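Q: Following this message is one structure expressed as structure tokens.
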Amino acid sequence: MKNKKWPKVSLVAITTILLWLKTYIAYKTSFDIKIENWRQELILFINPIGFLMIVFGFSMFMKEKTQKRYILVTSFIVSAVLFANIVFYRFFNDFLTIPVLFQTSNMSDLGSSVTELINFSDLFYFADFILLAAIMKFKPALLTWREYSTVDRRVYFLTAAAIAFFNMGMVETERPQLLTRTFDREMLVKNIGTYNYHLYDVFLQSKSSAQRAMADGSELADIDNYVRANYVPPNDEMFGIAKGKNVIMISMESTQGFVINKTVNGQEITPFLNDFIKESYYFNNFYHQTGQGKTSDSEFLVENSLYPLSRGAVFFTHSGNEYNATPEILNENGYYTASLHANNKSFWNRDIMYQSLGYQRFYSLPDYEVNEDNSVGWGLKDIDFLQQSVAHLKAMPKPFYSKFITLTNHFPFELNEEDQFIPPYTSDDQTVNNYFLTVRYEDEAIKQFVQKLKDEGLYEDSIIILYGDHYGISENHNKAMSEYLGKEITPFESMQLQEVPLIIHIPGQKGGTMTTVGGQIDIKPTILHLLGIDTKKNIDFGSDLFAKDRSDFAVLRDGSFITKDYLFTRETCYDKATGEPTDQEACKPYFKAVSNELSYSDKIIYGDLLRFYGEDLSEPKSKE
């Protein structure tokens, strides 16, 4: 045994194999990537190899000392990219993009939300880096280093290229035209790998940056024709029914529809909202349509009736665009417009974006009295925020359009014991347990706010619109959610959990439950029609939720969609009546509309196309 010679292994090979195996382990343990057959498993297994071989293969052109330094630094960077995706995925069930990485101004405000997502066991994701450093220091006998000849390098890179082409060949068989047809980042990672996905993302970012410079007004022709062809006229009985009324709109942080009329430990989660919907219009088939921008995406959808981008947040990437948003339209119709949010004004770049949307005033952190006693989690508690905001409403010129953004019901759902109105849910998942507590607190805050509006004489002169901005419980908590709901969380059920409440209270109107399928993109035309403002010349992808001829249709940012009878997600068509997969042909008639909706909206944003419209948006024209 003493004379046995172990095979020599190069530093390039050791590094590549360690990172390859670590990446595959991360795929299987840290990401919820659906595998349907052995070919997809093989693709997932091999997709990191080509990239890693090429990246570390560059070290074959370097001297020994430089090679070691390059491999160590590059290994750390690649590991950091993988780990960043893992942490991001734990809450957002999504992968990082270049625009998200530039949203660094938000990081200082995230606080406990980030620390809650990082575990001690995460050191594993840097174990190979530590091992590499030890190998370089102690130089075990199995390690070899030599200068590589031109032939060695050529064979090495041809092998790497062959593996990459083999990977893409299998991908084309499994998912034809992957890079041109998908809106789903999980699909990209599953097929081309985390690292190649980020290279592709760099390409997309460069492409999007060039689109505005190359855009011209002629690109609006097809979009304009599409919007006109799909325009839905308002319901005559509802058009102008709230003319001249104030508008009070509350974006309810992380509030999902499943909490409405439900209980925990025998107590209602949303007792006030349960009562409020009885005297309001309540939409129980209403979906959030946000992407990576979450709350800011919901604002963008609601104000513009355009879809958010598939990558990053429009509030960051295109805050300087020309928009025809609700605040700007209402300014022209005699309204005073304001947004109220007790947070730093630069969070989500709101101070810049609100100017583009046309808001006349942004009530932010300096406009509120905030201290340790009235703060928790992300900042000012909802009860204090809404109570203090009434004074701002009273001081506004009438009529006003005001949008509120709540904070307390935000991950990781922290709440002091004295603010808990119900006992916590008891599962093994603390996030789910706490969620019910903060939703109940938010409900109480809205109850006290509505009472304050009545006391101050604002209630009868205002329409009140409440909507959930995005999901609060991600798919990482499916086990506890399955326990609470008493059923398995299938992809169909996961999509149904993307429902959020929409409640519209109009003074003097009895209201009722509305079953039409819709989404946040429909709120803009709905509000404007209630106020008696014509939208026929607007570029809106949503339609009035009260319109008699509207289609039951909601498109999500990843290309999933919901109709009256069917639901499509993750390449599967479901029958809504049974929740079971059905023939793909049932969903096929909607594919073209989904593609048009998302691609046309993207063109408007990337190309800043609304700058080519005249003041009345009646016809496209170039504008300096």
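Q: On C-alpha positions alone, give me the angle between the axis of helix 127-138 and the longest principal axis of the chain, in degrees, nearest 10.
A: Taking the Cα atoms of the chain, the angle to 127-138 is about 30 degrees.
Q: With a 1.4 Å probe and all protein chains left in place, how much accessible area per residue does segment 201-312 have, in Å²?
A: 36 Å²
Q: I would also like to ask the following. Once you charge only the Cβ atoms, +1 for Lys and Arg and -1 for Asp and Glu, what is the size of the charge dipole of segment 220-323 about its Cα centre, to the nearest 20 debye?
A: Values: 7 positive and 12 negative charges, 32 e Å.
That gives segment 220-323 a dipole magnitude of about 160 debye.
Q: Quote the charge dipole size of the chain about the Cα centre in Debye, to the nearest 20; the model charges only the Cβ of Lys and Arg (+1) and of Asp and Glu (-1).
A: 3220 debye
Q: For Tyr613, list long-range residues whose amide hydrogen, built 1.01 Å from N in the peptide plane, is under 5 Å from its own amide hydrogen.
A: Lys621
Q: Hey, another quick one. Measuring with a 1.4 Å probe in the full set of protein chains, what accessible area per residue, in whole Å², belongs to segment 550-597? Display every interim value, and only then the final one.
A: Details: 2310 Å² over 48 residues.
Solvent-accessible surface per residue comes out at 48 Å².
Q: Now, a different point. Output the antiparallel fraction of DSSP beta bridges having both residues in the chain, as a percent to the nearest 5.
A: 45 percent
Q: Here is a further query. Over the Cα atoms, compute the radius of gyration (one decimal) and Dmax (the largest Cα-Cα distance, rounded to a whole number) for segment 564-603, in Å.
A: 11.5, 37
Q: Taking the Cα centre of segment 372-419 as the origin and placing charges on Cβ (Lys, Arg +1; Asp, Glu -1), which of Pro399, Val376, His410 is farthest toward the positive end of the dipole?
A: Pro399
Q: Follow-up. In whole Å, what are the extents of segment 316-470 along the principal axes defined by its C-alpha atoms, from largest to smallest?
A: Each principal axis gives a Cα extent; for segment 316-470 these are 51, 41, 27 Å.
Q: Dividing the alpha-carbon radius of gyration of segment 5-45 by 2.2 N^0.38 Å (N being the number of residues), what value is obtained?
A: So the Cα radius of gyration is 1.53 times the expected 2.2 N^0.38 Å.
Q: Taking H as built 1.01 Å from N, whose amide H comes closer than 5 Å to the amide H of Tyr287, not counting residues under 5 places away?
A: Answer set, sorted by chain and number: Val500, Gly518, Gly519, Gln520.
Q: Turning to a different aspect of this structure: Could you grab the Rg to Rh ratio for segment 199-249? Cα atoms only, Kirkwood for Rh.
A: Result for segment 199-249 is an Rg/Rh of 1.27.
Q: So what is the 222 nm mean residue ellipticity for the chain from helices alone, if each DSSP H run of at least 4 adds -39500 (n - 2.57) and you divide by all residues, rounding to the nearest 500 deg cm²/dmol?
A: -13500 deg cm²/dmol
Q: Leaving out ligands, DNA and RNA but keeping every protein chain, what accessible area does Phe124 have, in Å² rounded to the nearest 10, with a 1.4 Å probe?
A: 90 Å²
Q: Ignoring ligands, DNA and RNA, what accessible area per residue does segment 316-450 give at 1.4 Å, in Å²?
A: Dividing the accessible area of segment 316-450 by its residue count gives 36 Å².
Q: Let me ask something else about it. For Asp275, Asp122, Asp367, give me the order by solvent-accessible area with a 1.4 Å probe, most accessible first, ignoring ligands, DNA and RNA.
A: Highest to lowest solvent-accessible surface, that is Asp275, Asp367, Asp122.
Q: Using a 1.4 Å probe on the protein heavy atoms, what percent of the accessible area of the chain belongs to carbon and sulfur?
A: Details: 14510 of 26680 Å².
The computed percentage sits at 54.
Q: Turning to a different aspect of this structure: Roughly how tilted is helix 194-214, in degrees to the nearest 10 and between 0 and 90, from the longest Cα axis of the chain?
A: 50 degrees
Q: Phe129: accessible area at probe 1.4 Å, nearest 10 Å²?
A: The value for Phe129 is about 50 Å².
Q: Further question on the same structure: Order the peptides 519-530, 468-479, 387-398 from the highest to the lowest mean number of other Cβ atoms within 10 Å of their residues.
A: By packing density, highest mean first, the sequence is 519-530, 468-479, 387-398.
Q: As a test, work out the antiparallel percent of DSSP beta bridges whose residues both lie in segment 289-411, rounded to the nearest 5.
A: Bridges in segment 289-411 that DSSP calls antiparallel: roughly 20 percent.
Q: Just the number: Rg to Rh for segment 348-440, Cα atoms, Kirkwood Rh, two decimals.
A: My calculation of the ratio gives 1.05.
Q: What list of ³J(HN,Hα) couplings, whole Hz, do you get for segment 496-503 from phi and the Karplus terms 6.51, -1.76, 1.60, once you set θ to phi - 60° and write x for glycine and proline?
A: 5, 6, 7, 5, 10, x, 9, 10
Q: Which ³J(HN,Hα) values in Hz, rounded to whole numbers, follow from the phi angles of segment 524-540 under the Karplus curve 6.51 cos²θ - 1.76 cosθ + 1.60, where θ = phi - 60° and Gly and Pro get x?
A: 4, x, 5, 4, 4, 5, 4, 8, x, 10, 6, 10, 4, 9, 6, 8, 10
Q: I'd like the orientation of helix 591-607 relative to the chain: the angle between its Cα long axis and the longest Cα principal axis, in ° from 0 to 90, rounded to 10.
A: 90 degrees
Q: Roughly what percent of Cα-Cα pairs across the chain reach past 41 Å?
A: Tail of P(r) above 41 Å: 31 percent of Cα pairs.
Q: Enter the mean projected area of the convex hull around the alpha-carbon atoms of segment 494-587, in nm², rounded to one decimal.
A: 7.4 nm²
Q: Sorted by accessible area (1.4 Å probe), largest first, how do Trp145, Trp20, Trp38, Trp348 line up?
A: Trp38, Trp145, Trp20, Trp348
Q: Considering the convex hull of the alpha carbon atoms of segment 479-538, report its projected area averaged over all viewing directions, in nm², one decimal. Could the numbers behind the result be given before it?
A: Values: hull surface 25.7 nm².
That works out to 6.4 nm².
Q: Continuing with this model, one more query. Quick check: convex hull over the Cα atoms of segment 2-75, volume per residue in Å³, rounded to an integer? Could you put the intermediate results ahead of the total?
A: Details: hull volume 10.2 nm³, N = 74.
About 138 Å³ per residue, rounded to a whole number.
Q: Separate question: Under a 1.4 angstrom probe, counting protein chains only, how are Glu36, Glu253, Glu580 ranked by accessible area, largest first?
A: Solvent-accessible surface, decreasing: Glu36, Glu580, Glu253.
Q: Collect residues whose amide H, placed 1.01 Å from N in the peptide plane, falls under 5 Å from the amide H of Tyr401; neighbours closer than 5 in sequence don't count.
A: Val247, Tyr336, Thr337, Ala338
Q: Positive end of the charge dipole of the chain (Lys, Arg +1 and Asp, Glu -1 on Cβ, about the Cα centre): tell me which of Ala338, Leu11, Leu131 has its Cα farthest that way.
A: Leu11
Q: Quote the relative contact order of the chain in percent (integer), defining contacts as alpha-carbon pairs under 8 Å separated by 6+ residues. Intermediate results must be reported in sequence, preceding the final value.
A: Values: 1038 pairs, mean separation 121.9, N = 624.
Relative CO of the chain lands at 20 percent.
The values are calculated or read from the model by the stated rules, or taken from the named source; none is laboratory data. Keep in mind it's a predicted model, so treat the numbers as computed, not measured. We place every Cβ from the backbone using ideal geometry, glycine too, and count neighbours over all the protein chains shown. These accessible areas exclude ligands, DNA and RNA; they are computed on the full protein's heavy atoms, side chains included. Shrake-Rupley method; radii C 1.70, N 1.55, O 1.52, S 1.80 Å.
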